[in-house]
Amino acid sequence: MADCPKCGEHLKLTDWKQHCPHCNCNVVIYDIQERLMKDADKAEVQHYYFQKKVDRLKASFVGSKLAVIRIFTSFIPLLAILVPWFRAEFREPFVEFDGFFSLFSVLDIMDSLNIDGILSLLNSTDGKASVICLIGAAVLFVLSLLLVLVRIFCITMACGKRGKQRMYFFDIALLVLCAIGSFLLLFIPQNPYFDVGIILAPIVYFILLCVSFGVDIAIYKKGIEVKHAQCFVGGIPVEEYFKMLEDGVPAEEIRQEMYRRLTEMQLQKEAELNKEVAQNE
Amino acid sequence: MSQTTDTIRRYVGKKETVAYVLNDVAASLNIDDYKERYIYDVVKIDFNLLAIQNVVATAWDSVNDTFIGVLVDKTRTRWGKFRPYVLLGEIPLTILGMWYWLIPFLFPDTPGTYMPKYIFYFAMSIITETATTFTAVAKTGFLSTITPEPLERSRLIATANVASHLVEDLPKQAFGIFYDLVANKVIKINLPKLFATFGIACAGISAFFAIYFMFNTRERVVQSIKQPTVKHCFKAIVSNKPMLIYLLSSLLSGFSISKSRTNFYIDVLGSVTWKTIVGIPAFPVKFISYSFVEPLRKRFSTKALWIFEDAWTDMLWLTVFGLGSINNNFQKKHVILPMMAIEEVLEMCVYGLRRVIPAEIRNEALDYSEWKHGYRSEAMTGVSMDLISKLQNALMSGVNNIVMGKIGYVQGKEIGTQTDKTKWWIFALGTGIPIISSALGIVPKFFYPLSAENKARMYEELSERRLALTEFMKTATPEEIEKKAQDQLQGKFD
């Protein structure tokens, strides 16, 4: 506030006292009610736009039974990590291993992994293609797991304008990544360094991704009703308030209407409170 | 189909809410947990000299709080009562804060008893403490005037707390990782540079958030026309029943005899990692619990929620204590760990209430003061609340340290080899004994005067008086204003 609200004179930085040096009015208290109401009008209109986003967010998660199921089906594919990945036999320069390879196997062999030795196979003629397939499959699966997490975050926007396209994009991208990764694992060329046999986790992962995709399709076919909470500006429903502004209703009239509606709401609340007190007694 | 929502007005817009949250986050952006290590190992100040500095700083802290409280309460500027102090305190605090982390560069390779270094550190500590008190007193008071609407205040407190929880440990954890890397010579920089980088960065970002807040917010609760005198400030404290109840409850709860549950996990169960694992299921509940606050505040009174949160937590820990004590269950991992995990989840359901309700009670006490006396005394009220808890904490920390010796705890023993009796006491001091020794703290809460009905009436009358005052000020003569100002301080209302 750089001008006195009463006399309109400019207040310098050195005019730090609460009284105007020109008309001596208390610039803090004078007209504070009108300033508060203006702050409230602005804040409540901002809240209306924010509340719409919150309503869509709520609907994305709990707007229907299928939406709730989607929360679980979105997380479940991550459980595929815990299933044995594939039957494998690894020889030099890999850590020697023969059995079902899983997440726990990775943790066990982490310390003794010969990264340089493995990477040197990329220069060899008999191991290059196989190692590329193995590394490629690993990268694709890690990428898909990251995408699962991003997709979970994107559920917050599932009821937005492009929510459907976004969710379908992730579902299809995940299925494609999983399919290509599995293909690479299944068709690794013969080589003297490792053999990959039956794959388990990728199949489980693929099935769970299909379930997740299916739930998304069902949700968008059935639709989710976004219930918008009624917002008010000074006790006036926001839609009515916007109409009053559009129709050019004078600010003073709007303000009087606000006071009338707020007083009505206040009296209603008091009546309810008195009723509750009477009931308790 | 639409649903009706609250009919209470909102005053704080989006930008201001963000500024409020950033200001709250700013308070957590520091590496204060490592300050002791910094002074001991990097700045290197002699322990005896440090002890003298601590005593003087504590005494100065206790004394200056009162003066600063009175000064702030008697302030009236056109920008408000608190905003000037937030700005005037923040700038020197930031500059001093940055110089604090440069002490090793100003006095490199000097011994712990080097006097110029000690005098510099001493002077900076006192000045920093004073500036901190100004900003802390001003900020606490300011937060109670940011909106006249109590529910909106709760909403802001809850939102800010959630955001703070997400980032509050980040600087400390990041610093911890770098500290280990530097100490193990993985990263080749020296400790003074590490401390300076983190300390100055945190101070700078923190100050930016605080100043952003200052410029994007305003005080919306009007102070009395005339400044209250010192006598008025003290009267506002001693006749403020909600505040006295809060103080009494805090005082009685503060006599809690306890030791950290970390001791139980290490000395009885053998590993502190169990504490982390047990806390995992409760972690998301901590954040979700804030979403219960607003609906519960609309439905139940502050008093009811205050009592409920206390009683619920007490009941949970007493249950764990009771069940854990039977058949030595506290030593059986397959029994005690699931029990603790369930307790944490159930306890975290009221975490939001625990963070918001006491803050709201302090704010309600300030509004009560205005309703009863006609003037507000946020700074002095806040100072008196904090002074008592500071003194009590100093006493109880001594008591709690003696307790470990009394229960037969032998220092330096191998983990898990304390006697069974001592182990039970360690368990008890982390679960049941703190609850039993602080049980009286719940009693004053039943006498909290602001029931739902009283509170509604108080805020309605406050709202009417504030509106009447602004209408009066539009047309009153200077003589009438002077009389009104006197009437306000005497608690006379039309």
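The values are calculated or read from the model by the stated rules, or taken from the named source; none is laboratory data. This structure is a prediction, so every number in the text was calculated from the model and none was measured. Virtual Cβ from ideal backbone geometry, glycine too; neighbours counted across all protein chains shown. Surface accessibility is based on the protein's heavy atoms, side chains included, excluding ligands, DNA and RNA. Shrake-Rupley method; radii C 1.70, N 1.55, O 1.52, S 1.80 Å.
Remarks
- Placing R0 at 56 angstrom, the Cβ-Cβ distance between A:Val249 and B:Ile442 gives a FRET efficiency of 0.55 after rounding to 0.05.
- Dividing the radius of gyration of the alpha carbons in the range B:444-492 by their Kirkwood radius gives 1.17 for Rg/Rh.
- Cβ-derived FRET efficiency at R0 60 Å, B:Ile280 paired with A:Trp16, nearest 0.05: 0.70
- Dimensionless Rg over Rh [the range A:181-281; C-alpha; Kirkwood]: 1.52
- For chain A, the relative contact order is 23 percent, taking Cα pairs closer than 8 Å that sit 6 or more residues apart in sequence and dividing their mean separation by the residue count.
- Once both labels are positioned 7 Å from their Cα atoms along Cα-to-Cβ, the gap between A:Ile135 and B:Ala59 label points is 6.9 nm.
- Gain in span if fully extended, B:Glu464 to B:Ile288, counting 0.36 nm per residue against the direct Cα distance: 59.7 nm
- Stokes-Einstein diffusion for the range B:68-223 at 37 °C, viscosity 0.692 mPa s, with a Kirkwood radius from C-alpha pairs, works out to 182 µm²/s.
- At R0 = 45 Å, FRET efficiency that the Cβ-Cβ distance of A:Ala218 and B:Glu129 yields, to 0.05: 0.10
- Degrees between helix A:163-186 axis and first principal axis of chain A (Cα, 0 to 90, nearest 10): 10 degrees
- Heavy-atom accessible surface that A and B bury in contact, both chains counted, 1.4 Å, Å² to 100: 3500 Å²
- Kirkwood-type hydrodynamic radius, the range B:408-494: 19.0 Å, calculated from all non-identical alpha-carbon pairs.
- Paired Rg and Dmax values of the range B:177-253, which use every Cα atom, in angstrom: 23.3, 62
- Viscosity 1.002 mPa s, temperature 20 °C, Stokes-Einstein D of chain B from Kirkwood C-alpha radius, µm²/s: 85 µm²/s
- Here the gap between B:Val186 and B:Phe234, fully extended at 0.36 nm per residue and compared with their Cα-Cα distance, gives a gain of 11.5 nm.
- Protein accessible area in the protein assembly as shown, 1.4 Å probe - carbon and sulfur %: 65 percent
- The Rg/Rh ratio of the range A:114-220, with both radii computed over alpha carbons and Rh defined as the Kirkwood radius, is 1.11.
- Those residues of the range B:458-479 whose amide nitrogen sits under 17 Å from the label point placed on A:Lys38, 7 Å along Cα→Cβ: B:470-471, B:474
- Residues within the reach of a label modelled at B:Val272 (point 7 angstrom out along Cα to beta-carbon, backbone nitrogen below 17 Å), restricted to the range B:174-208, are B:174-181.
- Estimated vicinal HN-Hα couplings, Hz - the range B:31-44 in sequence order (Karplus 6.51, -1.76, 1.60; Gly, Pro = x): 10, 4, 4, 9, 5, 4, 4, 4, 5, 6, 9, 10, 6, 6
- Accessible surface ranking that places the most exposed of B:Trp306, B:Trp60 first, with a 1.4 angstrom probe: B:Trp60, B:Trp306
- Under 15 Å from the A:Ile81 label point (7 Å along Cα→beta-carbon), backbone N, the range A:107-126: A:107-108
- For the range B:1-132, projected area of the alpha-carbon convex hull averaged over all directions, nm²: 12.5 nm²
- For A:Val233, the residues 5 or more places off, or on other chains, whose built amide H falls under 5 Å of its own are A:Val238.
- When the P(r) of the range B:366-461 is calculated, the portion above 23 Å amounts to 54% of the C-alpha pairs.
- Value in Å of the Kirkwood radius, where the range B:136-197 supplies the Cα pairs that are averaged: 14.7 Å
- Mean projection of the Cα convex hull over all viewing directions, computed for the protein assembly as shown: 42.9 nm².
- Full-extension gain in nm, A:Gln268 to A:Tyr168, via 0.36 nm per residue minus C-alpha separation: 31.2 nm
- Rounded D (µm²/s) - the range B:224-324, Kirkwood Rh over Cα pairs, Stokes-Einstein at 20 °C, 1.002 mPa s: 120 µm²/s
- By the beta carbon rule, with partners counted only under 4.7 Å, chain A holds these lone Cys residues: A:Cys25, A:Cys133, A:Cys154, A:Cys159, A:Cys178, A:Cys210, A:Cys231.
- Two-decimal log10 I(q)/I(0) for chain A, as the Debye equation yields it once each C-alpha is a single scatterer, q = 0.11 Å⁻¹: -0.82
- Solvent-accessible surface (1.4 Å probe) assigned to A:Lys243 amounts to roughly 120 Å².
- In sequence order, calculated HN-Hα J values of the range B:87-102 (Karplus, 6.51, -1.76, 1.60; Hz; x Gly/Pro): 6, 5, x, 5, 5, x, 4, 5, 5, 5, x, 5, 5, 4, 7, 9
- With each label modelled as a point 7 angstrom along the Cα→C-beta vector, the A:Cys23-B:Leu387 pair spans 4.2 nm.
- Each residue of the range B:366-383 was assigned a 3J(HN,Hα) from its phi angle through the Karplus curve 6.51 cos²θ - 1.76 cosθ + 1.60 (θ = phi - 60°); the sequence is 5, 5, 4, 4, 5, 5, 7, 9, x, 9, 10, 9, 5, 5, 5, 5, x, 5 Hz, with glycine and proline shown as x.
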